[in-house]
Amino acid sequence: MIYYFSGTGNSQYVAEKIAEYTKDTAVFMPQAFDRMQSDISVEEGETVGVVFPVYAWAPPAFVMDFLSHIHVNKKAFTYAVCTCGDEAGKTMDALHHVFAFKSAYSITMPNTYIPMYNTDEPELEREKINIAAQRLPKIAAEISAHREIFDVFEGPEASFKTFIINPLFSLFAMRTSKFSADSTCIGCGECVKNCPFHVIKLTSGKPVWQEEKCSMCMSCIMRCPKRAIQYGIGTKKRGRYVFPVFKKNQQVILPDAEPEKIQNIPTVLSGSSIEIIRSSEIRTVMNPVVTVRKLYYSGNSESDCIAVTETHVKQGGVEPRCAHVSAELILYALKGCAKLLFTGNLERSFSAGDVVHFTENAVYGLENTDNDEFIYLSVSCPSVKSDNTEPRIV
């Protein structure tokens, strides 16, 4: 069994890849903790691993608490893997007090603690993830062989950072009172859904953080689709990062991949990777006058940043006026002529080659005035979550 904790996906990726290579199972620690009815025992001959991020050169407090409920037979094989932006300090020394591992590794991954630092540049993110992807098969092989290895980059002044700086960090920097949502918050509830400890509640449409259980995992601030969540005043101009997870049945190609090597590239990698959607993954919905092909949306991609659809409107077909709430929209006419229908009975022609941009909450409709089918592409940002919405019938 592999128990992992992750806020922005780095440690989750590492745990799931190790599980894939070792034919094991990766379990999210907060979920395991919620289901736990008694302490966990690991018996002789069994293997158990833990994967977690480093917070200020030490394990997260929740990880230490969770592992205090795991009791391991001395003849079981145990290992620990930590992910960090650069160096781990004496993280593993601290961990060993509650989890007697026999092997330990640190893996450098993109930086995520934006209250103090900005995110890495895209090139550095890509480099870190690529190096990690290359290391993981070897680490998994050593785990499968039960080799006792200590491969952790502690960095300079490791003891001072872990045993002096980290307690100060926990005392002064673990305050949810510094979290806030600015005026761009739309009350979507993504922060509530993604909080592993359920410490965020929506009050009058805005998130409120409870003090007692927050682990500062940064999931809420990093996954906010509007970048509305801030921590103090320092995060407004800093980047956001979530590990780019892709579905296993999609092919991901590194930007510098040679064509003949494409088939051998693992399904990973960074935000500048290429995600290919096969025709079989494109969903088509229709009614008597409108056919919509969902080319790229939340149903066939992990991305919520953008959605692309191809719409076919039969001769004389009408799409009634509507508004895409909290999403910008671009329409590009591919074939035929139509009328765009706005509020106040305002109309404008829309013909092949034309492009129109709608801001958030703009109201529009469309009528095919041509003697043939009218076809257009629409691109919404962020993705309009309407996976189950059928074309409108007139």
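Is there a residue being among the hydroxyl-bearing types (Ser, Thr, Tyr), within 21 Å of the chain's Cα centre (by Cα) and modelled with pLDDT of 95 or more anywhere in segment 181-188? Looking through segment 181-188, none of the residues is among the hydroxyl-bearing types (Ser, Thr, Tyr), within 21 Å of the chain's Cα centre (by Cα) and modelled with pLDDT of 95 or more.
Based on this model, can you work out whether Ser183 counts as farther than 21 Å from Thr83 by Cβ, of a type in the set (Ser, Thr, Tyr) and part of a helix (DSSP H, G or I)? No; evaluated as a whole, the condition is false for this residue. Scanning segment 74-93 for residues that are out of contact with any Gly (no Cβ under 8 Å at 6 or more places or on another chain) and assigned to a strand (DSSP E or B) turns up Phe77, Cys82, Thr83, Cys84. Can we say Lys102 is in contact with an Asp or Glu (Cβ under 7 Å, 6 or more places away or on another chain), more than 30 Å from His198 (Cβ to Cβ) and modelled with pLDDT of 95 or more? In short, yes. Scanning segment 133-153 for residues that are open to solvent by 30 Å² or more (accessible area, probe 1.4 Å), in contact with a strand residue (DSSP E or B) (Cβ under 8 Å, 6 or more places away or on another chain), touching a residue at least 40 places away in the same chain (Cβ under 8 Å) and farther than 26 Å from Arg238 by Cβ returns His146, Arg147, Glu148, Ile149, Phe150, Asp151. Scanning segment 277-314 for residues that are small (Gly, Ala, Ser) and buried (at least 18 other Cβ atoms within 10 Å of the Cβ) turns up Ser301, Ala307. Selection over segment 113-132 of residues that are open to solvent by less than 30 Å² (accessible area, probe 1.4 Å) and under 29 Å from Ala100 (Cβ atoms) gives a count of 1. When every residue of segment 178-193 is checked against the conditions, at least one turns out to be within 27 Å of Ala61 (Cβ to Cβ), small (Gly, Ala, Ser) and open to solvent by 20 Å² or more (accessible area, probe 1.4 Å). Filter segment 30-57 for residues that are touching a Leu at 6+ places or on another chain (Cβ under 9 Å) and modelled with pLDDT under 95 and give the result. Answer for segment 30-57, where residues must be touching a Leu at 6+ places or on another chain (Cβ under 9 Å) and modelled with pLDDT under 95: just Ala56. Take the conditions (1) touching a Lys or Arg at 6+ places or on another chain (Cβ under 8 Å); (2) within 22 Å of Ile139 (Cβ to Cβ); Ala56 misses just one of them, which is (2). Figure legend. Inter-residue proximity from segment 81-109: first residues under 17 Å from Ile139 (Cβ atoms) and open to solvent by less than 10 Å² (accessible area, probe 1.4 Å), second residues assigned to a helix (DSSP H, G or I) and among the basic types (Lys, Arg), beta-carbon distance below 8 Å, spacing 6+ or different chains. Indicated pairs: Ile107/Arg135; Met109/Lys128.
The values are calculated or read from the model by the stated rules, or taken from the named source; none is laboratory data. Everything quoted here is computed from the prediction, not taken from an experiment. Note that we place each Cβ from the backbone using ideal geometry, even for glycine, and neighbour counts take in every protein chain shown. Each accessible area value is taken on the protein alone, full model and side chains, heavy atoms only, with ligands, DNA and RNA left out. Shrake-Rupley method; radii C 1.70, N 1.55, O 1.52, S 1.80 Å.
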